[in-house]
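Heads up: the structure comes next, in structure tokens.
The values are calculated or read from the model by the stated rules, or taken from the named source; none is laboratory data. The shown structure was predicted, so the numbers you read here are calculated from the model rather than taken from an experiment. Positions of Cβ are backbone-derived with ideal geometry, glycine not excepted, and every protein chain shown enters the neighbour counts.
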Amino acid sequence: MTVELVGTAEGTLHSRKFAALYAQVQQFYAHQMQILDAHDTDSWSGTFTEDAVLELPSLSEPVRARDGLARYVRAGAARQRRAGSRLDHWVGKLDVHPRADGSLQTRCSALVYLTPSGGGSKVLCAYVMEDVLVRTRGEWRAAHRRVTRDDLA
């Protein structure tokens, strides 16, 4: 059986635009996780909107605004240094849905690896990360992030 794929110019243009958008979102997450793992707190918090909300399963209340995000990550980096360990984040299985208002709804898996000083890396936890991304000053930024543990769903 032969399957013929027939596209219109409009469909091809839409596909190319979405592919470009998808690549931008992948780059956003790659950059965001690299600067998080490098403990570049100010750059990392800058990937969020000023009034961003971050919901994490380990916290009873959401972290709010860039200042709150920076404080939270700075404290985590200090704990890692004291423990002599490193956390690394890997994001995959990315799903992107453009919304009518120009924002994006994304969902992806995030693996967190723990590497003790002098030891081998191991997966610490698997998470599901759901974001609303908005364009601010020409760049994508997270306005809302909800993180849930994948192993508890």
What's the number of the condition Thr148 fails, among (1) of a type in the set (Val, Ile, Thr); (2) surrounded by fewer than 16 Cβ atoms within 10 Å (Cβ to Cβ); (3) in contact with a His (Cβ under 8 Å, 6 or more places away or on another chain)?
(3)
Of the residues in the stretch 88-116 that are among the aliphatic types (A, V, I, L, M) and in a strand (DSSP E or B), the one that is surrounded by the most Cβ atoms within 10 Å (Cβ to Cβ) is Leu104
Return the residues of the stretch 56-73 that are in contact with an Asp or Glu (Cβ under 9 Å, 6 or more places away or on another chain) and touching a residue at least 24 places away in the same chain (Cβ under 8 Å); say none if nothing qualifies.
Ala70
For the stretch 117-153: of the residues being of a type in the set (Asp, Glu) and not in a strand (DSSP E or B), which is farthest from Gly68 (Cα to Cα)?
Asp151
Residues of the stretch 41-62 satisfying the condition of being assigned to a strand (DSSP E or B) and either of a type in the set (S, T, N, Q) or closer than 22 Å to Arg81 by Cα (or both):
Thr49
Based on what the data block shows, is His39 more than 23 Å from Glu130 (Cβ to Cβ), at pLDDT 90 or above and touching a helix residue (DSSP H, G or I) at 6+ places or on another chain (Cβ under 8 Å)?
yes
Which of the residues that make up the stretch 26-40 are not acidic (Asp, Glu) and not in a helix (DSSP H, G or I)?
Ala38, His39
Among the numbered criteria (1) at pLDDT below 95; (2) within 13 Å of Phe28 (Cα to Cα); (3) of a type in the set (Phe, Trp, Tyr), which single criterion is violated by Trp140?
(1)
In this structure, is Thr115 among the β-branched types (Val, Ile, Thr) and under 19 Å from Trp44 (Cα atoms)?
no
